[in-house]
Amino acid sequence: MQSKVSLQQNTSESPTPARIPTDGTGTGIGLLVLHLGTLLAFIPATFSWSGVVVAIVLCNLTGGVGLSLGFHRMLTHQSLRVPRWLNYTIATLGTLGMEGGPITWVATHRRHHAQSDSAGDPHNGRRGLRWSHLEWIYRPNEARPTPDEMRRLTPDLSSDPFYGFLERTNLYWQIGLGLTLLLLGGWSWVIWGMFVRVVFTIHVTGLVNSAAHHFGYQTYRTGDESRNNWWVALLTWGDGWHNNHHAFPSSARHGLRWYELDPTWLTICVLKLLGLARDVRIPTPAALARGLDAA
């Protein structure tokens, strides 16, 4: 598989030039609405066990399959290939995770890897926990990719009409899912399946950017603050083995030791057994040994 160096050669870019920071006011308002909506879950009349089940199922589908497996390992790092119909299905689930369309998400993450924990990193961990966890999304951020930069960072996705369609219609997918939940289960399903589920997913994703750049252990020397964090890994379907990931970005497997549980990797193994995943990339024993020697 490709080493960290070769991936950075594919996604590297010159330091972000000085420019007007992109405005995240609209996103900030959206985050506020989501968090206020989550408070409705504490009203007894809105609680139902079926709503909790819907939240758990959707959280694993949109967060675990859609974001961790799809947007992250499959689209951003091209760690595996699946049939086109499955690729598009997983990308749609990722869009329903409400963390932006696939082009925005992938462009931001590729920039993060190219300039990790430096001035050009959109969620630079060295700017503090609050910034890297959530503030980078809604506060003025000079490192957040502009639309032109997103296209340059994602030529593979930007040239595909379906990903462009998901990017343009991102908000409508959320509205459609919300209306479907309302029709099927009432406001309880909306509150738990939309507000609670999305706020949880946003915050566990934020923990990868924040906690996993401050707390945990470093198996490999990566030149940044990435850490392997077991409790973040449990919450993020295996993405908390973040130092491993920064050492071997194109690896489909993030938990590289027997005790590093990686649910997304287990899902990929199932897809491979079913003949639905191919070209699954993991580091060779020699690459792992070289990484340890360099640490």
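The values are calculated or read from the model by the stated rules, or taken from the named source; none is laboratory data. Remember, it's a predicted structure, so these values are computed and weren't measured experimentally. Using ideal geometry, Cβ is built from the backbone for each residue, glycine included, and neighbour counts are taken over all protein chains shown.
The set of residues in region 118-177 that are touching a residue at least 60 places away in the same chain (Cβ under 8 Å), β-branched (Val, Ile, Thr) and surrounded by 15 or more Cβ atoms within 10 Å (Cβ to Cβ) contains only 137. Considering 270, 280, 198, 204, the condition of being among the β-branched types (Val, Ile, Thr) and buried (at least 23 other Cβ atoms within 10 Å of the Cβ) is satisfied by 198 alone.
Residues checked against (1) loosely packed, with under 13 Cβ neighbours inside 10 Å; (2) modelled with pLDDT of 95 or more; (3) on the phi < 0 side of the Ramachandran plot:
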{"site": "14", "(1), (2), (3)": "yes, no, yes"}
{"site": "20", "(1), (2), (3)": "yes, no, yes"}
{"site": "23", "(1), (2), (3)": "no, no, yes"}
{"site": "49", "(1), (2), (3)": "yes, yes, yes"}
{"site": "60", "(1), (2), (3)": "no, yes, yes"}
{"site": "67", "(1), (2), (3)": "no, yes, yes"}
{"site": "74", "(1), (2), (3)": "no, yes, yes"}
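For region 207-219, which residues satisfy the criterion of being in contact (Cβ under 8 Å) with a residue 40 or more places away in the chain and buried (at least 22 other Cβ atoms within 10 Å of the Cβ)? Hits for region 207-219 are 207, 209, 210, 211, 213.
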